Each structure stands twice: as structure tokens, then as C-alpha cells.
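Take a look at the structure set out below.
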Amino acid sequence: AEHIASKIPYAKFILPTAPMRKVTMNMGMFMPSWYDIVGLDKRSNEFCEGIEESQEKILNILKAEHERGIPYKRMVLAGFSQGGALSLYTGMQLPAEVAAESRLAGIVVMSGYLPHASGFNITPGLEDTPIFHCHGTVDPMVRLPAAKDSQEHVKEKGATNYQLKTYSGLAHSVSPEEISDVITFLLTHLPPSDECKVKVKDPSEMSIKELKAAITKAGLGKNAVGLMEKSEFVELLTKHRVGKL
């Protein structure tokens with residue numbers, strides 16, 4: 001994510017963490033998982049307990065960003081493996097009121113698949129959402145046929161812009177070529193735009209409370225130890241923003 005972000009400096013990246021839950025396929029062990037995984041075969045893939053709650057969590061993140069002034073057409077859902085599966089499942093099934101406004105800029109699925117296919121239906125208006133699905137030819141976890149079946153099913157449901165690209169010799173992982181392709185996809189469908197540029201408050205205009213919160217969020221807590229004056233906090237945050245720390 002850091003490498004991709006460095007190539008798209010104007011974009012904001014949000015990296016949510018899956019909740020802890022028992023995963024049947026892993027002998028019921030607690031682990032981060034967006035939904036329960038019963039097995040890797042097509043029939044088992046229909047049992048995805050918890051997927052609706054996770055779908056709602058992602059929708060709430062999108063809604064919060066929209067309320068901050070970012071249009072849905074400037075948002076992308078992306079993820080690896082189960083994260084990619086949830087991105088596909090959620091991004092093509094946005095609420096009708098959202099779809100009436102706009103589709104997402106795109107969806108990136110890396111080594112993922114379509115979960116709970118029997119319960120999947122594309123929200124009208126989202127059919128042309130650009131989907132870029134990357135998959136390794138020797139993935140032992142999510143096998144290539146599952147990726148092809150996902151593409152076929154989503155297209156049967158009405159998707160008109162679903163690209164599946166395979167990577168020879170790649171297992172359940174990512175490769176430099178794949179990352180490069182994802183960056184190209186994002187730059188194509190999410191180019192720089194002044195339409196939704198969010199103005200960052202100047203440190204000199206912030207209150208002490210706002211300065212401390214921004215410094216903590218930036219991971220500069222240790223750098224702020226011993227600072228007393230507002231001007232010192234302003235200087236610290238300003239240096240961080242211009243890359244002088």
C-alpha cells in the first residue's frame with residue numbers, strides 16, 4: 001500500500017482491519033477475517049457468515065468520506081484475497097441511493113473471488129464500474145478457476161467492464177508487475193482532480209488541541225515531547241508536511 005500511495009500522492013488511503021472471528025476452515029481459530037470461511041470450493045463459498053456486517057462497515061467508511069466532500073465517483077475499493085472479495089461484493093452492490101448518484105471510480109481485486117455468489121446482484125446503474133482482477137496462475141488458496149468463475153458470474157449479472165489479468169507462476173501473493181498494473185489502473189480511473197480536493201487546515205490556524213491531535217495522528221508524539229509553545233507545535237507539524245523531518 002505504501003508503494004502504491006507513493007505513486008498517487010493526491011489520493012487518501014484508508015486501510016480498515018477485519019474483525020476477529022472464528023474461521024471454520026482454520027479449525028475454528030480466532031483470526032482477523034471479514035467473514036467466516038467454511039472451505040475453498042464453490043459450495044462452501046456460499047456460507048459467508050458475517051459478510052453483511054463487513055459490507056455495512058465498508059459502506060459506512062464510504063459514506064463518511066462522502067460526507068467530508070468526496071464524491072463516490074472518486075472512490076476505489078481494493079483488497080487482497082478476502083479483502084478483494086469483499087471489495088467486489090460491496091462495490092457492485094452499493095445502495096440504490098448511492099448508485100443513483102454515481103458508481104465508484106473502480107474496484108481492484110487481487111487474488112480474490114466473488115463470495116456468496118447466490119446472494120449477489122448488481123445494483124442498477126453500477127454495471128459499468130471498472131473492475132481490475134489480478135490473479136496468479138498457480139494460486140493454491142484461491143485457484144484460478146475460482147477467479148474465472150467469479151468474472152463469468154459477475155458479467156452474467158450485468159457487469160460490462162470486468163478485466164481479469166493472470167500472472168504466470170504467481171501463487172497467493174503479489175508481484176512487482178501486478179503492483180505496476182494496479183497503479184496504472186488507479187491512475188487511469190482516478191486521475192488528479194481539483195473537483196474534490198480537500199483543503200488541509202494550515203498548522204498556524206489550528207488550536208493547540210488540533211495541533212496535538214494532528215501530531216499524534218502523524219505519529220510524531222516522540223518529536224513533540226518537551227514542546228510547550230504553540231509556535232513549536234506549528235513548526236513541528238509544518239516540517240512534517242513539507243518532508244523536512
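The values are calculated or read from the model by the stated rules, or taken from the named source; none is laboratory data. Predicted model, so just to flag it, every value in this text is computed and none were measured. Backbone-built Cβ (ideal geometry, glycine too); neighbour counts: all protein chains shown. These area figures cover heavy atoms from the full protein model, side chains too; ligands, DNA and RNA do not enter into them. Shrake-Rupley method; radii C 1.70, N 1.55, O 1.52, S 1.80 Å.
If you go through the range 160-200 and keep only what is under 21 Å from Thr123 (Cβ atoms) and in contact with a Ser or Thr (Cβ under 7 Å, 6 or more places away or on another chain), you end up with just Asn161. Among the residues making up the range 157-168, a single one is open to solvent by 60 Å² or more (accessible area, probe 1.4 Å) and among the small types (Gly, Ala, Ser): Ser168. Screening Pro191 against (1) over 21 Å from the mean Cα position of the chain (by Cα); (2) at negative phi leaves a single unmet condition, (1).
For the range 155-164, the set of residues classified as more than 19 Å from the chain's Cα centre (by Cα) and touching a residue at least 12 places away in the same chain (Cβ under 8 Å) consists of Lys157, Gly158, Ala159, Thr160, listed by residue number. Scanning the range 28-59 for residues that are at pLDDT 95 or above and assigned to a helix (DSSP H, G or I) turns up Ile51, Glu52, Glu53, Ser54, Gln55, Glu56, Lys57, Ile58, Leu59. If the condition is being among the charged types (D, E, K, R) and outside any strand (DSSP E or B), then the range 157-166 contributes only Lys157. Consider Pro9 carefully, then state whether it is farther than 21 Å from Ala117 by Cα, surrounded by 12 or more Cβ atoms within 10 Å (Cβ to Cβ) and either out of contact with any Lys or Arg (no Cβ under 8 Å at 6 or more places or on another chain) or without any contact (Cβ under 8 Å) to a residue 60 or more places away in the chain (or both). It is false that Pro9 is farther than 21 Å from Ala117 by Cα, surrounded by 12 or more Cβ atoms within 10 Å (Cβ to Cβ) and either out of contact with any Lys or Arg (no Cβ under 8 Å at 6 or more places or on another chain) or without any contact (Cβ under 8 Å) to a residue 60 or more places away in the chain (or both).
Among helices (runs of 4 or more DSSP H) entirely within the range 170-245, having at least 1 residues that are open to solvent by 30 Å² or more (accessible area, probe 1.4 Å), within 30 Å of Tyr72 (Cβ to Cβ) and at pLDDT 95 or above singles out 176-189.
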